[in-house]
Amino acid sequence: MNDAILPTVRRMIRDNTTLDALRADIRSFVRERWHPLEDQVDRDGAIPETLVDELRRKGYFGWSIPEAYGGLGLTTEELVLCAFELSQASVALRARVGTNTGIGSEALVADGTEEQKRRWLPRMATGELTGCLALTEPDAGSEASNVQTTARRDGDHYVLDGTKRFITNAPLADLFTVIARTDDAAPGTSGLSAFIVERQTPGLRTGQPYRKMGQAGSPVSDVIFEGCRVPAANLIGGREGVGFQTVMKVLNKQRLHLAALCTGPAIRMMDLAMAHTQARTQFGQAVGNFQLLQAMLADSRTDIYAAQSMILEAARARDRGEDVALTASMCKYFASEMCGRVADRAVQMFGGSGYVADFSPIERYYRDVRLFRLYEGTSQIHQLNIAKLVLRERKAT
Ligand SMILES: Cc1cc2nc3c(=O)[nH]c(=O)nc-3n(C[C@H](O)[C@H](O)[C@H](O)COP(=O)(O)OP(=O)(O)OC[C@H]3O[C@@H](n4cnc5c(N)ncnc54)[C@H](O)[C@@H]3O)c2cc1C
């Protein structure tokens, strides 16, 4: 898709021909523009700005933002189909746009006031502004409700104090969706509220990007608030005490999105492994002829198909307006674990070359995808959540 057809894509909702054109465009962008840059991005720890501009021109930052605010307004099904394509690459690519098409914009989309949406979403859709979600803290990880950052009302402002940890895209973000405690006396989550905080607000600073295991080119850091005065007009939805509900809306959708984003790397690793096992000969023949390796291919393809099927089904259910709390959690749990299994088999199929960065990109993929099982709910938290919801369902029948 060249830039000229963006206006057509804007009108495409539910138009399969245009959706197919968008998916084909993503596919060729990933192969022709991104794959050749993957090593460079890994070495430099940064995505070239010219490529980010290309993503902007193509409208990739606005996939999930409603058309009324300048985005493409993709349905959940369309979003996961596009995510299957975009993620057949090293993770940094999709992470660059991914906060705008997910956790960085979704709180505004779900619960923002009309004025808040008009003020920020159009510039997020074009990629002029990069968003992020600042929920996690040093003492609020899996126990996300244990947020200690406070937001104290002072006239027509709130004053924020506290530290957020592990925030994707924080080093380059312009807008921070921040969950903070507005009511110390309220128990658990009921004292939490969501705010939009602009980068230039005095009292906000971001830490140095961490040195991570993988996903080079996707910067993550602390966010520190010290007497940070945020206009009361930036309280999302204009209501205190509903911040955690807002986050759960964001995460229920995001778990489907992330599950789809776990699937692309698995497809790519399997493609690379198939090519390698056909080219590499031992014992006088391609190692891909050996049935023990074919079993790994069979298990990987089956895993990928299962993930894609459940993600698509759950995405369609969400588009029908059904509650996807359980299915989204299952999708995120299954797809992230699935991707880890495929990564492990891919290293095995490559042999020593799978372990050595000089000989194959599999070593990098293996490190990149490890994070999927940790963020947006660890696998253990999803197991607990799935069990809780299943038991609740059983009680209700
Ligand atoms: C690179 C990176 C990017 C991230 N991006 C963001 C972001 O953009 N925004 C954001 O807000 N957060 C982000 N996170 C935070 C991420 O969501 C958390 O790291 C995650 O929720 C886990 O919290 P934790 O690291 O504190 O682990 P902990 O909660 O300390 O968990 C440690 C271990 O204990 C297990 N555990 C905890 N509680 C239980 C229980 N009740 N039962 C069984 N096992 C349990 C966990 O599964 C895990 O194995 C990011 C993290 C990383 C590493």
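The values are calculated or read from the model by the stated rules, or taken from the named source; none is laboratory data. All of these numbers come straight from a predicted model, not from anything done at the bench. Backbone-built Cβ (ideal geometry, glycine too); neighbour counts: all protein chains shown. All accessible areas refer to the heavy atoms of the entire protein, side chains included, with ligands and DNA or RNA removed. Shrake-Rupley method; radii C 1.70, N 1.55, O 1.52, S 1.80 Å.
Would a scan of region 350-364 turn up a residue that is within 16 Å of the ligand (Cβ to nearest atom) and in contact with an Asp or Glu (Cβ under 9 Å, 6 or more places away or on another chain)? There is at least one residue in region 350-364 that is within 16 Å of the ligand (Cβ to nearest atom) and in contact with an Asp or Glu (Cβ under 9 Å, 6 or more places away or on another chain). Checking each residue in region 255-280 for being open to solvent by less than 10 Å² (accessible area, probe 1.4 Å) and under 21 Å from SER329 (Cα atoms) picks out LEU256, HIS257, LEU258, ALA259, ALA260, LEU261, CYS262, THR263, GLY264, PRO265, ALA266.
The condition of being under 12 Å from CYS262 (Cα atoms), out of contact with any Pro (no Cβ under 9 Å at 6 or more places or on another chain) and either outside any helix (DSSP H, G or I) or within 15 Å of the ligand (Cβ to nearest atom) (or both) does not hold for LEU384. Among the residues of region 131-173 satisfying the criterion of being crowded, with 24+ Cβ neighbours inside 10 Å and outside any strand (DSSP E or B), which is nearest to the ligand (Cβ to nearest atom)? Out of the qualifying residues, it is LEU135. Examine region 55-63 for a residue that is assigned to a helix (DSSP H, G or I), more than 19 Å from the chain's Cα centre (by Cα) and under 29 Å from ILE311 (Cα atoms), and state whether such a residue exists. Within region 55-63 (the criterion being assigned to a helix (DSSP H, G or I), more than 19 Å from the chain's Cα centre (by Cα) and under 29 Å from ILE311 (Cα atoms)), the answer is yes, since at least one residue qualifies. Which one is nearest to the ligand (Cβ to nearest atom), of the residues in region 199-211 that are exposed (fewer than 15 other Cβ atoms within 10 Å of the Cβ) and closer than 30 Å to ALA343 by Cβ? By that ranking, first place goes to TYR210. Exactly one residue out of VAL356, VAL347, VAL369 is outside any helix (DSSP H, G or I), β-branched (Val, Ile, Thr) and open to solvent by less than 60 Å² (accessible area, probe 1.4 Å), and it is VAL356. Residues that are buried (at least 17 other Cβ atoms within 10 Å of the Cβ) and either under 19 Å from the mean Cα position of the chain (by Cα) or more than 11 Å from ALA194 (Cα to Cα) (or both) within region 230-243 comprise just one, VAL230.
Quick check on ALA173: is it in contact with a Ser or Thr (Cβ under 9 Å, 6 or more places away or on another chain), of a type in the set (A, V, I, L, M, F, W, C) and modelled with pLDDT under 95? So ALA173 does not fit the description; no.
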